[in-house]
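Have a look at this one before I ask anything.
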Amino acid sequence: MNLHEPNRTQEALRNAALAVSTAAGEGVFRELVRALAAILDVEIAFIALSKPPDRCMLGMLAYYADGRMIDDFEYPIAGTPCETVVGRQFRCYPSGLKERFPLDADFVELGVEGYAGYPLTDARGEAVGLMVVATRRPITEPELIESVLKIFAARAMVELERRRAEQGLRASEEQYRAIFNASFDSMIIRTLDGEIVDANPALLSMYGYSREELIGRTFGPIIPEKLAGPYRAYLAEVAAGKPVRTETRLPRKDGTPVNIEVLGSLVTYNGKPHV
């Protein structure tokens, strides 16, 4: 790769910044490796993640070779140049890769001559994987390649952290849902304005309503209009961060009264404060 000219270096860095700023959506990793290969004029570019539990395998997140994307696959890291990158630092082998790493059958078969890899590390400092470019020609500008890989690796980690956060949120919501539905206590979730957004089976059974009859309602079912004023005051206290505990009598759907103890607190639901 011929990247000696200063203007070519500036162009490569400018294109890298543009590529990482526009890559988005479900195919973001594919966009990144495709752009990386084009900017550095290499035949191969990929993002791979270490596979738990022993981290001895790499799983391809996106692999671009000779103008086409290749489906996800795994391969052992032992004896490969990737082993010298993951959890360590940027590595560049400008030439003679097959002589240095004869056990890396894939690169030997592809006739790879030059290799450069940049480690992916999360916000906690844990090794996640790596980003790699490889070429059948000798690498002549390792400094530029390191700079470009660093830009792309940072963008890849932003996306990985975002997806990790989403997965954590989904897991938390699934746990909440299981507890919410299994609780013997009647539970209801309202917006700060009082609109019902969720009710558990115990509450539906106690009052005799279906979930569809309650969702989206404010007053009427469960809370009679005559109690609207005190209930709004109760919601305001909870919204201000003051847990509320009170006793009252409310009507079931068939009109029969039920004596209840109300415990109210502020919670986060779908990323927003609710009661």
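Dipole size in debye (nearest 20) for the chain around its Cα centre, Lys and Arg Cβ +1, Asp and Glu Cβ -1?
Charge dipole of the chain: 840 debye, to the nearest 20.
Let me ask another. Show me 34-40, 179-185, 200-206 ranked by packing, highest mean number of other Cβ atoms within 10 Å first.
Highest to lowest by the protection proxy: 34-40, 200-206, 179-185.
Still on this structure: When ligands, DNA and RNA are left out and all protein chains stay put, how many square angstrom of accessible area per residue does the range 123-205 have with a 1.4 Å probe?
52 Å²
Moving to a separate point now. Please report the relative contact order for the chain, taking Cα pairs under 8 Å with a sequence separation of at least 6, and give it as a percent rounded to a whole number.
12 percent
In a solvent-free Debye calculation with one equal scatterer on each Cα, what is log10 I(q)/I(0) for the range 110-243 at q = 0.11 Å⁻¹, listed in the order of the q values?
Log10 of I(q)/I(0), two decimals: -0.64.
Using θ = phi - 60° and the Karplus relation 6.51 cos²θ - 1.76 cosθ + 1.60, list the HN-Hα couplings for the range 227-244 in order, rounded to whole Hz, with x at every Gly or Pro.
9, 4, x, x, 6, 5, 5, 4, 4, 5, 5, 5, 4, 7, x, 9, x, 10
What residue among THR248, THR80, THR22 has the largest mean-square fluctuation in a Gaussian network model of the chain, using Cα springs under 10 Å?
THR248
Using Cα springs under 10 Å in a Gaussian network model of the chain, which residue among GLY59, GLY241, GLY67 shows the largest mean-square fluctuation?
Ranking GLY59, GLY241, GLY67 by mean-square fluctuation puts GLY241 first.
May I ask you to list the GluC sites (Glu not before Pro) in the range 26-83 that are in a DSSP loop and have at most 13 other Cβ atoms within 10 Å of their Cβ?
Numbers: sites: GLU26, GLU31, GLU43, GLU74, GLU83; in loops: GLU26, GLU43.
Of the GluC sites (Glu not before Pro), the ones in loops of the range 26-83 whose Cβ has at most 13 other Cβ atoms within 10 Å are GLU26.
How about LYS226: which lysines have a C-alpha closer than 17 Å to its C-alpha, ignoring those fewer than 8 places off in the same chain?
Candidates past the 8-residue exclusion: LYS253.
Between ASP54, ASP106, ASP72, find the one with the highest GNM mean-square fluctuation for the chain; connect C-alpha pairs within less than 10 Å.
For the chain, modelled as a Gaussian network with Cα springs under 10 Å, the answer is ASP54.
Hey, how many Å between the Cα centroid of the range 218-261 and the Cα centroid of the range 49-64?
53 Å
Follow-up. Under 27 Å from the Cα of LYS51, which lysines turn up, not counting those fewer than eight places away in the same chain?
Output for LYS51: LYS98, LYS150.
The values are calculated or read from the model by the stated rules, or taken from the named source; none is laboratory data. Just so you know, these numbers come straight off a predicted model, no measurement behind them. Every residue, glycine among them, receives a Cβ derived from its backbone with ideal geometry; neighbour counts consider all protein chains shown. In case anyone asks, the SASA skips ligands and DNA or RNA and just uses the protein heavy atoms, side chains included. Shrake-Rupley method; radii C 1.70, N 1.55, O 1.52, S 1.80 Å.
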